[in-house]
Amino acid sequence: MNEELQEQASLYVLGLLEGDAATAFERQLQSDDALRDFVDSLDETAAVLAHQAPPHPLPPELRARVLAQVSSSKTVAFPARQRWLPWAIAAGLAVTCAYLVAERAGLNKRLARLEQRDFFSQIQIASLSSKLENAPNANAVVVWDEKKQKGLLKVTQLPRNTEDRDYQLWVVDPRHKDPIDGGVFHVVNDGALRIPFQPKERVREAQGFAISLERKGGVPKAEGPIVLLGK
């Protein structure tokens, strides 16, 4: 399964895949067993994480330890004399082999579950509320992937801007003196808008997000009014 499909699956689970993209994904979901299993596991993991504190990233040493346990379940080759063993011993060996197979499968499943928790732990979701008197219901959701340094912005009911203005996204990082430029976008109607973005500088710790109304093409530092703000 490629990286793009995994990203679509995560957005689908979070309810942020819409329109034609969602329709196409659901169509593929019906015919792809592996993708369906992946989405089911993400769904289950997301449900668990929703009731828990954000998990810590999976430590490399823990991952290595689990993998070592899996790889240590070696298959034992018995000599030809095995056919002379009493039936009771042979049955015991069969049970042991079955146990090792089940144990290996269980460890693999636990490792996959831990990695899925790690996958969700690197995703940050922020809700932005309106600062506009003329559009109090305007809002936005930011899905931010710190590891990939990419995000998705979903804006709803934000007023259309004039041709000489652009909305500009900002990422608040305490390691930077000024908010980091997340790019500009234009709203042509009052409906929902989805914009993928990648900040101009590396974000170490995203503590908040803001959207301002700026000159066409954007500015290095925010000059215009803040229209949406959140963390």
Residue selected from segment 170-199 under the condition assigned to a loop (DSSP other than H, G, I, E, B), free of Cβ contacts under 8 Å to residues at least 60 places away in the same chain and aliphatic (A, V, I, L, M), by the criterion surrounded by the most Cβ atoms within 10 Å (Cβ to Cβ): VAL187
Test: residue in segment 156-176 that is of a type in the set (Phe, Trp, Tyr) and at pLDDT below 90: no
Which numbered condition LYS221 misses (of (1) over 17 Å from VAL142 (Cβ atoms); (2) at pLDDT 95 or above): (2)
Yes/no for LYS150 being among the basic types (Lys, Arg), outside the structural domain of GLY15 (by TED's automatic domain parsing) and surrounded by 13 or more Cβ atoms within 10 Å (Cβ to Cβ): yes
Matching residues in segment 144-168 - criterion: being closer than 25 Å to LYS221 by Cβ and among the β-branched types (Val, Ile, Thr): VAL155, THR162
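Mind counting the residues in segment 136-150 that are in a loop (DSSP other than H, G, I, E, B), in contact with a strand residue (DSSP E or B) (Cβ under 8 Å, 6 or more places away or on another chain) and not acidic (Asp, Glu)?
3
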Tally, over segment 13-33, of residues that are assigned to a helix (DSSP H, G or I) and modelled with pLDDT of 80 or more: 14
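The values are calculated or read from the model by the stated rules, or taken from the named source; none is laboratory data. Since we're looking at a predicted model, the values are computed, not measured. No Cβ is skipped: glycine too gets one built from the backbone with ideal geometry, and neighbour counts run over all protein chains shown.
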